[in-house]
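J.: One structure, as structure tokens, below. Some questions next.
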Amino acid sequence: MGICFVGERRRFDKFLAEYLPQREGDVVASNGRVIGRHHGLFTKTIGQAASIPGVSGMNGKWYIYAKDPVKNCMYAALGRENPLLFSNDITAGPMHWIAGTAPEFGPDNRLELDAQVRDHISVRFRDAQFGVASGQYLTLYQGDVCLGSAPIGSTTDTARNR
């Protein structure tokens, strides 16, 4: 994958490798088995396909569903439709409301907020969302108007929500 502001067309992981130390670690399957090695947690994002030498292609593609910076591990699930890759619920915050305060949500709005605690928000999606990760941003729109945004703090995947 390339990125426009780097100035030339090149892979983003190669660009980051020039600035971040490459610390190898394990790639672990959802059953706990080590299936490969990675060259740094920054080399893959949540939901990204992972080419794992000696394993990939045998039964389908593997996708990154979680990372653990303390253990320096990436966790991979087999198949793009694996429930571990989808999130039903997220918490995000602190919220930044464009108008300065949260808008009023009434019965005519399609957006239903499960809970709002101080400046944080919990959201349950009607349809599970693919590849959601802590550190990404939740951005709320009403039509074409941006209402506000917040960094995602945590997610709940559909596999844990069954």
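Every number in this text was worked out from the coordinates using simple rules, so none of it is lab data. Note that this is a predicted model, so its numbers are computed, not measured. Glycine also receives a Cβ, built like all others from the backbone with ideal geometry; neighbour counts cover every protein chain displayed.
J.: If we sort 29-38, 82-91 on the protection proxy, mean other Cβ atoms within 10 Å, highest first, what's the order?
T.: On the way: 29-38: 13.9, 82-91: 20.8.
Ranking, from highest mean packing down: 82-91, 29-38.
J.: Shifting gears a bit: Which whole-Hz ³J(HN,Hα) couplings does the stretch 33-38 yield from phi under the Karplus relation 6.51 cos²θ - 1.76 cosθ + 1.60, θ = phi - 60°, glycine and proline marked x?
T.: After applying 6.51 cos²θ - 1.76 cosθ + 1.60, I find 7, 6, 10, x, 10, 10 Hz.
J.: Assign one of three labels to the stretch 55-104, namely rounded, prolate or oblate, based on the Cα gyration tensor with a ≥ b ≥ c the square roots of its eigenvalues; rounded applies when a/c is under 1.5, prolate when it is not and a/b is larger than b/c, and oblate otherwise. Numbers along the way, then the final one.
T.: Details: a/c = 4.52, a/b = 2.29, b/c = 1.97.
Note, shape of the stretch 55-104 comes out prolate.
J.: What are the ³J(HN,Hα) couplings of the stretch 90-101, residue after residue, when phi is run through the Karplus curve with 6.51, -1.76, 1.60 and θ = phi - 60°? Round to Hz, x for glycine and proline.
T.: Couplings: 9, 10, 9, x, x, 6, 10, 8, 4, 7, x, 9 Hz.
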